[in-house]
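Working notes for the structure below.
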Amino acid sequence: MEAVETPGSALRALLCGALSGSCSTLLLQPLDLVKTRVQLLRAAGTPRSPRVRMVSVLTHVVRTESVRGLWKGLGPSLVRCVPGVGIYFCTLHSLRESFFRDRAPSALDSLLLGLSARTISAVCMLPVTVVKTRYESGRFKYRSVLGALSSIRKTEGIRALFSGLTATLARDAPFSGIYVMIYTQAKHMLLHGVEREGQAPTRFACGVLAGVVASLVTQPADTIKTYMQMEPHRFSHTGQTFVAICRSQGLTGLFHGAVPRCLRRTLVTAMAWTVYERMMVGLGLKT
């Protein structure tokens, strides 16, 4: 049966995206926490300090904070990801329907679609992203997301809630653009002739490929974002933060936390897209 569009298709896309985002966030939150801890531990060291490894950080968190500690920051992650992923997929769906109803988007079109959708989503959810980063660091004792937002606003000002905006957009917008471009092209090449039951694994494999490339390209921006959101008064500008990291740790400092982030972002995005597209097809809508 051919997929059709309905007036409520954008709302359905939002709901499908929100559900797919919640599933992947629940499963993979520990990798995000480990990534943040690796970046902050390396920042507190010196250029000659021993290398901070993902496994050692994971073990330390379990030993000192219990297994539940691996899901620290899950609340703000869900508050950020569920509506954020929903907004992203809703925007992406609406843009496709507005500009590409009669033809498939090209590789460049897909890049621009991903960039635009993620920019809107990232700006909307940035204050919660700041709270999420601080929760995961273990340095702040906020009791709730709303309490954290209120505390930051009162003690540091509204600007602190949008700290790292440039770095966040430099990370998220290119990540999404590169991801959508590679994923769309790989999917179109590999899905031809694939039986229905084999389509979900193929889509997931395309997502993994796209996620690895996009994660590695945007890792420096993620490191800069973490520094700026943890200490906005010390690291107030993207360029200044970039120079500070390079001076203290070299260019390799920009890639601290790359392994856990690459694992998480790749799996989260691949899962989200697979679930989202499966649900959209089930509802008779185009993906």
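The values are calculated or read from the model by the stated rules, or taken from the named source; none is laboratory data. Since the model is a prediction, treat every value here as computed from it, not as a measurement. All Cβ positions, even for glycine, are placed from backbone atoms using ideal geometry, and neighbour counts span all protein chains on display. Surface accessibility is based on the protein's heavy atoms, side chains included, excluding ligands, DNA and RNA. Shrake-Rupley method; radii C 1.70, N 1.55, O 1.52, S 1.80 Å.
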Residue under question is residue 212, and the condition is that it be surrounded by fewer than 18 Cβ atoms within 10 Å (Cβ to Cβ) and either under 18 Å from the mean Cα position of the chain (by Cα) or closer than 26 Å to residue 138 by Cα (or both); does it hold? yes
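Does region 133-148 hold any residues that are among the charged types (D, E, K, R) and in contact (Cβ under 8 Å) with a residue 60 or more places away in the chain, and which are they?
Hits for region 133-148 are 134, 136, 139.
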Condition check for residue 234: open to solvent by 50 Å² or more (accessible area, probe 1.4 Å), among the basic types (Lys, Arg) and either under 18 Å from residue 118 (Cβ atoms) or not in a helix (DSSP H, G or I) (or both): yes
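Do the conditions hold for residue 121, that is, is it at pLDDT 90 or above and surrounded by fewer than 14 Cβ atoms within 10 Å (Cβ to Cβ)?
Values: at pLDDT 90 or above: yes; surrounded by fewer than 14 Cβ atoms within 10 Å (Cβ to Cβ): no.
No.
Given the structure, is residue 226 in a helix (DSSP H, G or I), modelled with pLDDT under 90 and farther than 16 Å from residue 36 by Cβ?
Values: in a helix (DSSP H, G or I): yes; modelled with pLDDT under 90: yes; farther than 16 Å from residue 36 by Cβ: no.
It is false that residue 226 is in a helix (DSSP H, G or I), modelled with pLDDT under 90 and farther than 16 Å from residue 36 by Cβ.
With the requirement that a residue be over 12 Å from residue 39 (Cβ atoms) and touching a residue at least 60 places away in the same chain (Cβ under 8 Å), what does region 242-262 give you?
So in region 242-262, the residues over 12 Å from residue 39 (Cβ atoms) come out as 242-244, 246-248, 250-252, 262.
Once the filter is applied, which keeps residues that are over 12 Å from residue 39 (Cβ atoms) and touching a residue at least 60 places away in the same chain (Cβ under 8 Å), region 242-262 yields 248, 250.
Matching residues to (1) surrounded by 12 or more Cβ atoms within 10 Å (Cβ to Cβ); (2) within 24 Å of residue 189 (Cα to Cα):
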| position | (1), (2) |
| --- | --- |
| 54 | yes, no |
| 59 | no, no |
| 62 | yes, no |
| 65 | yes, no |
| 80 | yes, no |
| 95 | yes, yes |
| 103 | no, yes |
| 109 | yes, yes |
| 114 | yes, yes |
I want to confirm something. Restricting to region 91-134 and keeping residues that are within 27 Å of residue 79 (Cα to Cα) and basic (Lys, Arg), which single residue is nearest to the chain's Cα centre (by Cα)? 118
Pair list, Cβ < 6 Å and 6+ apart or interchain, from region 269-287 residues that are within 15 Å of residue 206 (Cα to Cα) and of a type in the set (Ser, Thr, Tyr) to residues that are surrounded by fewer than 21 Cβ atoms within 10 Å (Cβ to Cβ) and modelled with pLDDT under 80: 274/200
What single numbered condition from (1) farther than 22 Å from residue 178 by Cβ; (2) touching a residue at least 60 places away in the same chain (Cβ under 8 Å); (3) not hydrophobic (A, V, I, L, M, F, W, C) fails to hold for residue 231? (2)
Need the failing condition index for residue 205 against (1) over 30 Å from residue 139 (Cα atoms); (2) open to solvent by less than 30 Å² (accessible area, probe 1.4 Å); (3) modelled with pLDDT of 85 or more, just the number. (2)
